[in-house]
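The values are calculated or read from the model by the stated rules, or taken from the named source; none is laboratory data. For clarity, every value in this text was computed on a predicted model and none was experimentally measured. Every residue, glycine as well, gets a Cβ built from its backbone with ideal geometry; the counts of neighbours run over all protein chains shown. These area figures cover heavy atoms from the full protein model, side chains too; ligands, DNA and RNA do not enter into them. Shrake-Rupley method; radii C 1.70, N 1.55, O 1.52, S 1.80 Å.
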Amino acid sequence: ENSNGDKYSYGVKALSGTNTLGEGSKVECLFNVTFKDYDGSLLKEETVKYGDKATAPTPKGKDGATFVGWSTDINNITKDLEVVAKYNDSDFFVKFYDKDGNVISSQTLKYQEDAQAPNPEIEGHEFIKWSQDFTKVSQDLDVYPEYKVLEYKVVFMPAMEQGIFPSF
């Protein structure tokens, strides 16, 4: 209170009973998905919410070939994508990555061929599995290794420093 009996406010205001600013606003992430035919011609562009499925157009077709699918999965969009129509005579691309995200093998395959995995062994890690199946390839793939870090137990034995060796 001041000398006039007025109470000071100090500019602090409670915003709610829980002293929060409210629920906040949600940011909607949107991504562009571009569909192209085998020859690079534009089939469709659409904007898709994070995690939603893109809606594929009907490809124009290719003489002497059968449409077999799209170059990548369009069921769970998490980034901007360019998706290409693939036909049974198309090339399919499989990239294998190391644990640091570097490409260690890049392979070009025909429809339904199997990719060959590179050696995934690295020191200090136990290879568990590849992130996805790469047999009978029908779309372009990015394949990552999954590892378990090896743990070692080191035992120091002070008696050994004095030339006393235990028998095991």
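Using the Karplus relation 6.51 cos²θ - 1.76 cosθ + 1.60 with θ = phi - 60°, the per-residue 3J(HN,Hα) values for segment 50-67 come to 3, x, 7, 9, 7, 9, 6, x, 8, x, 5, x, 9, 4, x, 9, 10, 5 Hz, with x marking Gly and Pro. Using DSSP to define loop residues, name the GluC sites (Glu not before Pro) in segment 77-159 whose beta-carbon has at most 12 other beta-carbon atoms within 10 Å. Passing both the DSSP loop test and the Cβ count: GLU121, GLU123, GLU151. Note on segment 61-129: percent of Cα-Cα distances in each 10 Å bin, starting at 0 and stopping at the bin with the largest distance, equals 16, 36, 33, 12, 2, 0.
Of interest is the spacing of the C-alpha centroids, which for segment 59-115 and segment 33-58 amounts to 14 Å.
What the Cβ-Cβ distance of ASP91 and GLU146 gives, at R0 = 22 Å and to the nearest 0.05, is a FRET efficiency of 0.20.
Pairwise inverse Cα distances across segment 84-164, averaged and inverted, put the Kirkwood hydrodynamic radius at 15.3 Å.
By accessible area, using a 1.4 Å probe on protein heavy atoms only, segment 32-147 has 41% of its surface on carbon and sulfur. Rg/Rh for segment 28-168 (Cα atoms only, Rh after Kirkwood) is 1.27.
Taking 0.36 nm per residue of separation and subtracting the current Cα-Cα distance, fully stretching the chain between ILE128 and THR108 would add 4.7 nm. Close amide-amide hydrogen proximity is noted between ASP89 and THR66, each under 5 Å apart and 5 or more residues distant or on a separate chain (H modeled in the peptide plane; Pro and chain starts excluded). When +1 charges are put on Lys and Arg Cβ atoms and -1 charges on Asp and Glu Cβ atoms, the dipole computed for segment 42-168 relative to its Cα centre reaches about 360 debye.
Note on GLU121 and LYS60: the extension gain reaches 17.6 nm, defined as 0.36 nm multiplied by sequence separation minus the Cα-Cα distance.
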